[in-house]
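The values are calculated or read from the model by the stated rules, or taken from the named source; none is laboratory data. Note that this is a predicted model, so its numbers are computed, not measured. Positions of Cβ are backbone-derived with ideal geometry, glycine not excepted, and every protein chain shown enters the neighbour counts.
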Amino acid sequence: MKCCVSLLLVYLRLPIFYVTFFIYLFVIGRRTIKLYSDFYSSDMIIASPLGLITKIGEAEVEKEKDVDYLSSIEVLVIDHADVISMQNWSHVNSVVEQLNRIPSKQHGTDIMRIRQWYLDGHAQFYRQTIILGSYLNPDMNASFNHHCVNYQGKVKLVCEYKGALAKVLLQVRQIYERFDADSVVDSDDARFEYFTTKVFPTQIKTKAGQLGWPPCLVTPLVRHDEVMKPALIQIQVFPKIKDSIQGGIMLFVSSYFEYVRIRNFLKSQNASFCLLGEYTKQSDISRARVWFFEGKRKIMLYTERAHFYHRYKIRGIQNLIIYSLPERKEFYPEIVNMLEGSHNMTCTVLFSRFDQFRGIQMASGL
């Protein structure tokens, strides 16, 4: 009896988004291929990340179960990694961490046939890992750097991408606002701070004087004139979004973490907004689209994953704010072209110099 499989193919395509749990086992003979074999007698596994992570979870709860069939994987193929990243890439990392461990049971293995480097715990350095995708993002890059540790080295092949701005069909002014960030780690906080202070500023109250000036629409300036300091009264910076009369503002975010962060911020500001995310119920999505088109909600928060799976055509957009650039470059013209039929349309994109680490394909859209 074989100890474990030798090939693991983590595979996922878009049509099986609603059936993400699947595991297929194969025994490869000289002239035949047998399907639906036992885990420990199989030569190849084709599975989704969710299917494997579920089996790993069952083994952690039920002591009589184990995942020793992942211990002798010699070839790991992660196909359509860009599609898997639209679900939960942490499942991929959890599965890879379970590979090439020393089995907890013998499972009828002939110990005399086991190589010494395997017993020494060096099997991961002999495993070949292939990651295939249409683009590279930080999650894939991190897995490539930390989990691809073959002793013969590693190779990264990158395609040359064409820009996506030519596919924007509308004559719309696209404004790119660059914010400063000290490092990649601080870029998310810097982006959020720039959004809350520049794009969605809250009320700023300065020291009041006695001149009785009315609140006015101004940009706060640092004045060094000692004469002006006591004369400053309650100057109010009108929010660009919150107090906008126009409405029709769509905020496009790339990740779910940004979605949750912006959602909580809009709630704290008592803003008029609706949500359209990958976990939003269909009834709530239909209601939100109608409210946004009719102007009952001034702001719509839209995620890249929701657009990836459904390709919604949002009507009523007047002001498009791309909080973070999409990972798939073709999404940029698709989102901007939703402004068709709008009056006084605008498009604002927030970016920093660290966005280049999010993927060459995304950066090529600029």
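Provide a single number: the residues in the stretch 114-139 that are modelled with pLDDT under 90, of a type outside the set (Gly, Ala, Ser) and part of a loop (DSSP other than H, G, I, E, B).
Total satisfying the criteria: 6.
Could you check Val27 against (1) part of a loop (DSSP other than H, G, I, E, B); (2) modelled with pLDDT under 85; (3) not charged (D, E, K, R) and say which number it fails?
The single condition Val27 does not satisfy is (1).
Please work out which residue is surrounded by the most Cβ atoms within 10 Å (Cβ to Cβ), limiting yourself to the stretch 143-158 and to residues that are touching a residue at least 40 places away in the same chain (Cβ under 8 Å) and out of contact with any Asp or Glu (no Cβ under 9 Å at 6 or more places or on another chain). Outline the logic, then answer.
Filtering the stretch 143-158 down to residues touching a residue at least 40 places away in the same chain (Cβ under 8 Å) leaves 143, 147, 158.
Now narrow it down to the ones that are out of contact with any Asp or Glu (no Cβ under 9 Å at 6 or more places or on another chain): 143, 158.
Values: Ser143: 18, Val158: 10.
The residue in question is Ser143.
How about the stretch 82-113: which of its residues are surrounded by 14 or more Cβ atoms within 10 Å (Cβ to Cβ) and part of a loop (DSSP other than H, G, I, E, B)?
Passing the criteria: Ser85, Met86, Gln87, Asn88, Gln98, Leu99, Asn100, Arg101, Pro103, His107, Thr109.
Before we move on, is Ile314 within 24 Å of Glu177 (Cβ to Cβ), β-branched (Val, Ile, Thr) and assigned to a helix (DSSP H, G or I)?
no
Of a type in the set (Lys, Arg), over 15 Å from the mean Cα position of the chain (by Cα), closer than 30 Å to Asn137 by Cα and surrounded by fewer than 21 Cβ atoms within 10 Å (Cβ to Cβ), is that true of Arg287?
No; evaluated as a whole, the condition is false for this residue.
So for the stretch 164-180 (the condition being under 19 Å from Pro326 (Cα atoms), in a helix (DSSP H, G or I), of a type in the set (D, E, K, R) and touching a residue at least 60 places away in the same chain (Cβ under 8 Å)), does at least one residue qualify?
Within the stretch 164-180, one or more residues are under 19 Å from Pro326 (Cα atoms), in a helix (DSSP H, G or I), of a type in the set (D, E, K, R) and touching a residue at least 60 places away in the same chain (Cβ under 8 Å).
May I ask you to verify whether Ile53 is in the same structural domain as Met140 (by TED's automatic domain parsing) and closer than 29 Å to Leu136 by Cα?
yes
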